[in-house]
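What follows is a set of notes on a single structure, which appears directly below.
The values are calculated or read from the model by the stated rules, or taken from the named source; none is laboratory data. Treat the numbers as computed from the prediction; the structure is a model and nothing was measured. Backbone-built Cβ (ideal geometry, glycine too); neighbour counts: all protein chains shown. Just so you know, the surface numbers come from the protein's heavy atoms only, side chains and all, with ligands and any DNA or RNA stripped out. Shrake-Rupley method; radii C 1.70, N 1.55, O 1.52, S 1.80 Å.
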There are 2 protein chains.
Amino acid sequence: MTQQLQITPLDRLAAALAEPLEGVGETIRARMVSEHAPRIPEVTEHLIGAGGKRIRPMLTLAASRLCGYRGMHDVRLAATVEFIHTATLLHDDVVDQSGQRRGRPTANLLWDNKSSVLVGDYLFARAFQLMVETGNLRVLDILSNAAATIAEGEVLQLTAASDLATSEATYLKIVRGKTAALFSAATETGGIIAGADDEVVAALHVYGDALGIAFQMVDDLLDWQGDDIGKNTGDDFRERKMTLPIIRAVAGAEGDDWAFWARTIGKGRQEDGDLHRARALIDAQGALESVRKDALGWADRGREALTRCPPGDLRDMLADLSDYVVERIR
Amino acid sequence: MTQQLQITPLDRLAAALAEPLEGVGETIRARMVSEHAPRIPEVTEHLIGAGGKRIRPMLTLAASRLCGYRGMHDVRLAATVEFIHTATLLHDDVVDQSGQRRGRPTANLLWDNKSSVLVGDYLFARAFQLMVETGNLRVLDILSNAAATIAEGEVLQLTAASDLATSEATYLKIVRGKTAALFSAATETGGIIAGADDEVVAALHVYGDALGIAFQMVDDLLDWQGDDIGKNTGDDFRERKMTLPIIRAVAGAEGDDWAFWARTIGKGRQEDGDLHRARALIDAQGALESVRKDALGWADRGREALTRCPPGDLRDMLADLSDYVVERIR
C-alpha cells in the first residue's frame with residue numbers, strides 16, 4: 001500500500017550518484033545526435049525519454065566510486081552500457097514484434113522495423129566508440145565479450161522457444177545473455193577503471209552476475225504470478241518461452257500432462273483455459289516456489305560477494321539493491 | 001567474350017595473398033562457431049559459403065603487407081572487416097526485405113528476420129572481440145568510427161529514399177556509409193598495424209575511400225545500364241532509391257518531367273513504361289555519362305594516392321584493382 005511512497009535502493013543510488021548520472025545523460029544526448037540522420041535521435045529520444053530505471057549505468061558508477069574512482073571514464077562507461085542496453089531493446093522489439101515497451105508504443109510500430117534495426121546498429125557502434133575512448137584494453141575485452149554473450153543468448157532464446165527439451169543449463173545461459181552479462185560487465189569494468197585489486201574486480205563481477213540472474217528469474221516468475229505494475233500474466237506461455245517455471249513443470253510431467261505441454265508449447269496450439277491449466281501444472285510441481293528460492297539464493301550470493309569490496313554507503317546501497325530486486329517475490 | 005577467362009586483379013591478389021587468406025578463412029570459421037547456439041554458424045556458413053569476393057579482407061592484407069608487415073594481426077583485422085561486412089549484409093536483408101543475395105535465397109527467407117538481426121549482432125560483437133585482440137587503440141578507434149559511419153549511412157539512405165530533394169552531398173555520405181567507410185578502414189588499419197608512416201597511412205585511407213566510392217558509383221550506374229552478370233536493371237528505380245543518376249536527372253527536370261519524378265519516386269506510384277521514360281529523362285540530362293566520368297575520377301584519385309605508398313607487386317595489384325572496378329563502364 002505504501003509501495004508508491006517507499007524510497008527504494010534505486011532512488012538512493014540515483015541521489016548519491018546524481019552528479020555523474022547527469023554526466024551520463026549529457027553524454028548520451030551528445031552522442032546520439034547524428035548530423036546526417038535526424039531519424040536517429042528521434043528514435044532514441046523516444047526510448048531513452050521513456051524513463052528507464054538506469055540501473056545499468058548506476059551499477060558502473062557505484063562500482064567505480066565505491067572503489068574510490070574520481071575521474072570521468074566511468075561516466076563514459078556508464079553511457080556505453082546504456083547504449084548497448086538500448087540497442088538490444090531496439091533489436092528485441094523487432095525480434096519479439098512487440099507493440100509496447102514501458103507502456104509506450106515501441107519504436108518499430110512508430111517508425112518501422114528498418115529504423116529499429118539500423119538505429120540499434122548505430123547505438124552499438126556509438127557504444128564501441130565510447131568504450132574505445134577509455135583507452136583501457138581490459139575494459140574493451142570485457143565489454144566486447146559481453147556483447148557476444150548477449151547476442152548468443154538472444155539467438156539461443158530464439159532456438160529454445162517451443163523446445164520442451166530445454167535444460168536448466170540452457171535457461172541460465174539465456175538469462176546471462178539477456179540480463180546478467182551486461183550487469184556483470186557494468187560492475188566489473190567500474191572496478192577496473194578505478195584500478196581496484198583483482199579480488200575486488202572478481203567480486204564485483206560475481207555481484208553483477210548474481211544480481212542479473214536474480215533480476216531475470218524474478219521477471220520470469222512474475223510472468224506467472226502477476227504483480228502490481230501491469231506486466232501481463234502469461235505472456236511467456238503465449239510466446240512459448242521456456243522459462244524456469246515451465247522447464248521444471250515439464251520435467252515432472254507425464255502422460256496427459258506431458259501431452260498438454262507438447263501441444264501448447266511444442267506445437268503452439270493453445271486454447272481458452274490452457275493458461276489456467278498450465279498454472280495448475282506448475283503449482284503441482286511446486287515450480288514457482290522452487291524458482292523463488294533460487295532467485296533468493298542468487299540475491300544472497302550477490303550480497304555476499306560485496307563483502308569482499310571496500311565498505312561504505314555505495315556498497316550498502318548495492319547490497320540493498322540485491323534484496324530489492326527479489327523483494328516483490330519474498 | 002573472353003571475360004570468363006580473363007585473370008582479374010582480384011584473382012592476382014587472391015593468389016599473392018593465398019596464405020594469409022587461408023588464415024582469414026580459418027579465423028572466420030573458428031569464430032563463428034557458437035557452442036550454445038548452433039543456429040549461428042548455420043546462418044553465417046550460408047552467407048560466407050556463398051563465395052563473396054573477399055575484397056575487403058584482401059584490402060587489409062595487401063595494405064599491411066605492402067608496408068612490410070609479417071605478423072598475424074592483419075589476419076585478425078581482415079577477419080574483423082569481413083565479419084562487419086557480413087553483419088551489415090544480414091541486417092540489410094531485413095531492411096530491404098530481400099529475397100536473393102549472390103544468386104541464393106537470403107538468410108531472412110531461409111530462416112527468419114529474427115535470426116538475421118540477432119546473428120548480425122553476434123557477428124558485430126565477434127568483430128569487436130577480434131579487433132580488441134590486436135591491442136591497438138588507433139585501429140580500434142578507426143574501426144569503431146567506421147561502424148558508426150556505416151550505420152549512419154544506412155539510416156540516411158532509408159530517410160533519403162523517395163526524397164526528391166536529396167543532394168549530391170547526401171548521396172556521397174550514403175555511399176561512404178554503404179561501401180567506402182569499410183574499404184578505407186580496411187586499408188588504413190592495414191597500414192597502421194604494419195607501423196607505416198602517417199603519410200602512407202593517410203594515402204592508404206584515401207585509396208580505400210576512393211576505391212569504395214568508385215565501386216558504389218559503378219554499381220549505381222549499372223542499375224540503369226544493365227550488365228552481363230545478371231543484376232536487374234531498374235531495381236533502384238522500383239525501390240525509389242535516390243542514386244546519383246536520378247539525383248542529376250531530377251536536378252535538371254521541369255514541368256511534366258518533374259511531375260513524373262514526383263509521382264514515381266516521391267509518391268511511388270509507378271506504371272508500365274515508367275522505367276523506360278525514367279531512363280530517357282536520365283539520358284536527356286547526360287546523367288549516366290557524367291556519373292561515369294565521376295566514377296573514373298574517383299578511381300584515378302585512388303590510384304594516384306598509391307604513389308605515396310611503398311612500391312612493389314601488391315601496390316601494382318591495388319592500382320590495377322582501381323581500374324578494374326570501373327572497367328565495366330569504361
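Which members of region B:112-171 meet the condition of being more than 7 Å from chain A (Cβ to nearest Cβ) and within 18 Å of A:VAL139 (Cβ to Cβ)?
B:ALA127, B:LEU130, B:MET131, B:GLU133, B:THR134, B:ASN136, B:ARG138, B:VAL139, B:LEU143, listed by residue number.
Sort through B:ARG301, B:ARG308, B:ARG330 and tell me the only one that's out of contact with any Leu (no Cβ under 8 Å at 6 or more places or on another chain), assigned to a loop (DSSP other than H, G, I, E, B) and not β-branched (Val, Ile, Thr).
Working: B:ARG301 fails: assigned to a loop (DSSP other than H, G, I, E, B); B:ARG330 fails: out of contact with any Leu (no Cβ under 8 Å at 6 or more places or on another chain).
Just one listed residue meets the conditions, B:ARG308.
When you go through (1) more than 14 Å from chain A (Cβ to nearest Cβ); (2) more than 30 Å from B:TRP261 (Cα to Cα) one by one for B:TRP224, which number turns out not to apply?
It fails just one condition, (2).
Run down A:GLU188, A:GLU199 and say which single residue is more than 15 Å from the chain's Cα centre (by Cα), in contact (Cβ under 8 Å) with a residue 24 or more places away in the chain and buried (at least 24 other Cβ atoms within 10 Å of the Cβ). Before the answer, list the steps.
Working: A:GLU199 fails: buried (at least 24 other Cβ atoms within 10 Å of the Cβ).
The match here is A:GLU188.
Can you find a residue that is at pLDDT below 90, outside any helix (DSSP H, G or I) and in contact with a helix residue (DSSP H, G or I) (Cβ under 7 Å, 6 or more places away or on another chain) anywhere in region A:76-95?
No, there is no match, as no residue in region A:76-95 is at pLDDT below 90, outside any helix (DSSP H, G or I) and in contact with a helix residue (DSSP H, G or I) (Cβ under 7 Å, 6 or more places away or on another chain).
Does any residue in region B:287-298 that is in contact (Cβ under 8 Å) with a residue 24 or more places away in the chain come within less than 8 Å, Cβ to Cβ, of a residue that is part of a helix (DSSP H, G or I) and open to solvent by 30 Å² or more (accessible area, probe 1.4 Å) six or more places away or on a different chain, and which pairs are these?
B:ALA287/B:ARG248; B:LEU288/B:GLN225; B:SER290/B:ARG248; B:VAL291/B:ARG248
Conditions tested, residue by residue: (1) open to solvent by less than 10 Å² (accessible area, probe 1.4 Å); (2) at pLDDT below 95.
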{"position": "A:LEU172", "(1), (2)": "no, no"}
{"position": "A:ILE192", "(1), (2)": "no, no"}
{"position": "A:GLY195", "(1), (2)": "no, no"}
{"position": "A:TYR207", "(1), (2)": "yes, no"}
{"position": "A:LEU222", "(1), (2)": "yes, yes"}
{"position": "A:GLY226", "(1), (2)": "no, yes"}
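Scan region A:297-322 residue by residue and report those that are farther than 19 Å from A:GLU188 by Cβ and open to solvent by less than 40 Å² (accessible area, probe 1.4 Å).
Listed by number, the list holds a single entry, A:GLY297.
Spot the failing condition for A:THR243; the list is (1) of a type in the set (S, T, N, Q); (2) in contact (Cβ under 8 Å) with a residue 60 or more places away in the chain; (3) open to solvent by 30 Å² or more (accessible area, probe 1.4 Å), and only one is missed.
A:THR243 satisfies all of (1) of a type in the set (S, T, N, Q); (2) in contact (Cβ under 8 Å) with a residue 60 or more places away in the chain; (3) open to solvent by 30 Å² or more (accessible area, probe 1.4 Å) except (3).
Please go through region A:136-165 and pick out each residue that is open to solvent by less than 40 Å² (accessible area, probe 1.4 Å), free of Cβ contacts under 8 Å to residues at least 24 places away in the same chain and farther than 17 Å from B:TYR122 by Cβ.
Scanning region A:136-165 gives a single hit, A:LEU140.
Within region B:36-64, how many residues turn out to be open to solvent by less than 50 Å² (accessible area, probe 1.4 Å) and either more than 14 Å from chain A (Cβ to nearest Cβ) or modelled with pLDDT of 95 or more (or both)?
Within region B:36-64, the first condition is being open to solvent by less than 50 Å² (accessible area, probe 1.4 Å), and the residues that meet it are B:37, B:40-41, B:43-44, B:46-50, B:52, B:55-64.
Of the ones still in play, those that are also either more than 14 Å from chain A (Cβ to nearest Cβ) or modelled with pLDDT of 95 or more (or both) are B:46-50, B:52, B:55-64.
The total comes to 16.
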